[in-house]
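Participant: Below are the structure tokens for one structure; questions will follow.
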């Protein structure tokens with residue numbers, strides 16, 4: 001029988017349900033169980049693909065090309081689970097599916113209602129993952145009490161009463177605030193949050209209490225009494241500067257053993273958390289330190305480049321190095337120049353993005369990296385802007401641009417493919433998900449991957465214009481990787497530069513703390529050498 005874990009959150013949003021769920025998955029994997037995840041997002045958007053990065057944060061792309069919530073990135077980084085379109089669903093997708101079924105007559109003329117039709121659709125999404133793992137961890141986005149999340153809570157309540165008691169468990173993540181003026185830790189918000197859940201019909205068996213101060217036995221006893229849980233199931237989720245320490249923090253409080261007991265599962269007496277200890281030790285005791293300039297359009301929101309920051313940290317782990325971020329808004333470079341913001345960095349990375357705003361600042365930052373031989377890694381928009389910079393300042397094509405930025409450019413170095421232009425009125429097409437890339441021997445990329453063919457995830461629409469390949473190569477640009485089916489440029493590198501690599505794809509999506517992505521590992525290695 002499959003087991004189901006449901007994770008909810010209360011009091012405020014952004015408490016870290018995604019990282020908590022991922023950490024639970026890591027603990028269960030250490031006991032030999034195969035886990036998978038499902039994230040429900042209560043917003044009405046069909047997916048986050050068209051949502052502003054400033055509001056929603058990063059769009060995480062799965063291997064099969066689904067544009068999903070950034071929490072799926074946590075799931076993949078912390079565990080061996082492989083995410084697909086099945087692992088994320090929004091209210092928009094749920095209601096859209098129900099309406100399509102109604103239009104097809106699948107409800108046989110019945111009145112379509114939230115209960116049972118919407119809740120049944122939600123339950124179908126959960127049960128569809130039964131073949132993917134021994135334990136399905138389902139995270140309900142938003143906060144208990146939000147009107148948008150009520151159908152999801154009702155659906156998991158129904159699952160709880162239809163399955164044997166030992167097959168389901170509810171975990172509630174809540175805030176236990178510290179009031180500095182009174183020098184007191186307050187439990188009332190947690191009591192109210194659990195109370196709202198119990199009104200719905202859900203009794204959590206485990207509480208994860210986000211707190212900046214350690215919880216005393218007295219506080220735990222009080223929470224347990226008023227929230228109707230056992231004291232040992234009140235887990236302290238204390239603030240930490242290292243998210244990769246969270247599985248160890250939970251394990252020290254025996255969260256994994258409590259879960260296995262409630263779910264009637266066998267524990268592994270040799271459960272191995274050594275890789276997490278090694279990661280935390282390296283991060284706490286680095287042999288060196290390097291500062292990386294992150295030049296982007298969405299710098300103001302930390303979550304906009306979540307996978308980028310994590311992949312850089314992973315590259316630091318591979319080199320036993322602490323990575324410090326110098327976050328630079330590209331619009332500031334447009335106003336004040338690159339040197340002011342980048343003179344002290346040992347490496348420069350440009351993440352992905354869409355639209356013309358801030359791109360001239362990005363181009364200026366890339367020029368600074370090229371001319372000063374600073375290690376550079378460009379991703380998606382980073383490759384496109386690096387191509388424009390090279391065309392203008394090395395090849396002498398002064399009008400070089402992207403047709404996205406300037407539709408009338410005489411030198412469209414980055415453009416829509418002919419077949420894309422024909423359907424532009426419908427929104428164009430995007431390359432989403434994993435595509436093969438053939439690497440050129442002897443390049444930085446080939447030496448990093450150590451194999452000829454790789455598969456990486458994409459999320460872009462505009463491509464490198466092949467008619468400029470010859471002039472680029474004559475002037476010192478190396479086409480290091482291509483998508484063979486359509487002969488599209490995937491990776492560019494510069495000759496006579498310690499590390500200048502830009503990719504159309506997003507390597508950050510396949511990096512893990514215990515398996516850093518080779519391009520990020522080599523980028524950090526080159527940045528450390530630049531500093532030396």
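Every number here is computed from the coordinates shown, using simple stated rules; none is lab data. Keep in mind that this is a model prediction, so the values were computed, not measured. Ideal geometry is used to build each Cβ from the backbone, glycine not excepted, and the neighbour counts take in all protein chains shown.
Participant: Subtracting the Cα-Cα distance from 0.36 nm times the residue separation, let me have the gained length for residue 264 to residue 12 in nm, one decimal.
Facilitator: My answer for the length gained is 87.5 nm.
Participant: Could you calculate the contour length gain from residue 199 to residue 371, that is, 0.36 nm times the residue separation minus the distance between their Cα atoms, to one decimal place in nm?
Facilitator: 55.6 nm
Participant: From the C-alpha coordinates alone, can you work out the Kirkwood hydrodynamic radius of segment 126-171, in Å?
Facilitator: About 11.8 Å for segment 126-171.
Participant: Between residue 54 and residue 285, what length in nm is gained on full extension when 0.36 nm per residue of separation is reduced by their alpha carbon distance?
Facilitator: 79.8 nm
Participant: Can you put 31, 192, 314 in order of Cβ neighbours within 10 angstrom, beginning with the fewest?
Facilitator: Ascending Cβ contact count within 10 Å gives the list 192, 31, 314.
Participant: Describe numerically, in nm with one decimal, the distance between label points set 7 Å from Cα along Cα→Cβ at residue 340 and at residue 45.
Facilitator: Computed distance between label sites residue 340 and residue 45 equals 3.2 nm.
Participant: Relative to the longest principal axis of the C-alpha atoms of the chain, give the angle of the C-alpha long axis of helix 217-227, reported between 0 and 90° and rounded to the nearest 10°.
Facilitator: Approximately 70 degrees, to the nearest 10.
Participant: Hey, another quick one. Specify the angular offset, from 0 to 90 degrees and rounded to the nearest 10, of the alpha carbon long axis of helix 188-200 from the longest principal axis of the alpha carbons in the chain.
Facilitator: Taking the Cα atoms of the chain, the angle to 188-200 is about 80 degrees.
Participant: Now for a separate question. Quick one: in segment 346-396, what % of C-alpha pairs are over 14 Å apart?
Facilitator: Tail of P(r) above 14 Å: 45 percent of Cα pairs.
Participant: Let me ask something else about it. Of the listed peptides 496-504, 18-26, what is their order by residue-averaged count of other C-beta atoms within 10 Å, with the highest listed first?
Facilitator: 18-26, 496-504
Participant: A further question follows. Can you compute the helix-only [θ] at 222 nm over the chain? Use -39500 (n - 2.57) per DSSP H run of at least 4 residues, normalise by all residues, nearest 500 deg cm²/dmol.
Facilitator: The per-residue figure over the chain is -10500 deg cm²/dmol.
Participant: Here's a follow-up. Listed highest first by mean packing, meaning other Cβ atoms within 10 Å per residue, what order do 514-521, 445-452 come in?
Facilitator: In descending order of packing, they fall as 514-521, 445-452.
Participant: Follow-up. Write down, largest first, the equivalent ellipsoid semi-axes of segment 3-278 in whole Å, where each equals the square root of 5 times an eigenvalue of the alpha-carbon gyration tensor.
Facilitator: One finds semi-axes of 30, 22, 19 Å for segment 3-278.
Participant: Of the listed peptides 293-300, 325-332, 69-76, what is their order by residue-averaged count of other C-beta atoms within 10 Å, with the highest listed first?
Facilitator: Most protected by this proxy first, the peptides run 69-76, 293-300, 325-332.
Participant: Mind pulling the angle between the C-alpha long axis of helix 150-162 and the longest principal axis of the chain? Nearest 10 degrees, somewhere in 0 to 90.
Facilitator: 50 degrees
Participant: Principal axis extents for segment 461-532, Cα atoms only, whole Å, descending order, please.
Facilitator: 39, 27, 17
Participant: Roughly how many nanometres apart are two label points built 7 Å out from the Cα toward the Cβ at residue 130 and residue 230?
Facilitator: For the pair residue 130/residue 230, the computed spacing is 2.8 nm.
Participant: At q = 0.13 Å⁻¹, work out log10 I(q)/I(0) for segment 286-531 with the Debye formula, treating every Cα as an identical point scatterer and leaving solvent out; two decimals please.
Facilitator: -0.74
Participant: Can I ask one more? Could you give the nm distance between label points at residue 97 and residue 466, where each point is 7 Å from its Cα heading toward the beta carbon?
Facilitator: 3.9 nm
Participant: If you wrap the chain's Cα atoms in a convex hull and average its projection over all directions, what's the area in nm²?
Facilitator: Average projection, Cα convex hull of the chain: 27.3 nm².
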